[in-house]
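For reference, the structure is listed below as structure tokens.
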Amino acid sequence: MRRLRVLLPVGMMLLVLAGFPARTAAQPANALGIRLTGNMNAAIDFPGAGAELSYQRFVGPKTRIEVDFGARIHDYYPGQNKVHLDAMVAASFQWRWPVGRRAGFYAGPAVQFGRPDYGPGLGAQTGFDWQFDGPLQLSIDVRPTYNWFLYGHFDACLGVGLRYAF
């Protein structure tokens, strides 16, 4: 009986510790954070930057949905001191291909909508993410879209994201 009292806690500790590597190797189901953006469209000369609240949700073993809500500040008419602030909403469906245990590439279609100067847009989002040992995730990506508002223009923004994965 005394031997059972000693073995039971030790056995339970071993079971708990054996479960930790499986939990850390698994991809978290959700991630919430911020994505900083910069406009890469030098041909149209709309310099700008922004920030987005970013949420990711895995919907399958290698697929996820990302929804971003934020704002961009930009200068449509350089030299005229007219600065615009646009609210942005973007969503993308992503396929993720793991590279090792913590890193992965992702790509998929995206839609974007912004007010007042951006209209609806269709495009893609592709990038690379890294899951740290803890709950932090770092990503870098590009989201090129074609927007139909104003004159119909191509827009590509580079984003760097930092998210809390849970």
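The values are calculated or read from the model by the stated rules, or taken from the named source; none is laboratory data. This one's a predicted model, so the numbers in the text were calculated from it and none came from an experiment. Cβ: placed from backbone, ideal geometry, glycine included. Neighbour counts: every protein chain shown.
Points to keep in mind about this one:
- Taking the conditions (1) modelled with pLDDT under 85; (2) within 22 Å of I34 (Cβ to Cβ) in turn, F132 satisfies each one other than (1).
- Selection status of A91, of a type in the set (A, V, I, L, M, F, W, C), within 20 Å of Q56 (Cα to Cα) and either modelled with pLDDT of 95 or more or in contact with an Asp or Glu (Cβ under 8 Å, 6 or more places away or on another chain) (or both): yes
- Selection from region 139-161 of residues that are in contact with a Lys or Arg (Cβ under 8 Å, 6 or more places away or on another chain) and of a type in the set (A, V, I, L, M): A156, V160
- Tallying residues that are at pLDDT 70 or above, β-branched (V, I, T) and surrounded by fewer than 16 Cβ atoms within 10 Å (Cβ to Cβ) within region 35-71 yields 4.
- Those residues of region 94-106 which are surrounded by fewer than 16 Cβ atoms within 10 Å (Cβ to Cβ) and in contact with a Gly (Cβ under 9 Å, 6 or more places away or on another chain), in sequence order: W95, W97, P98, F105
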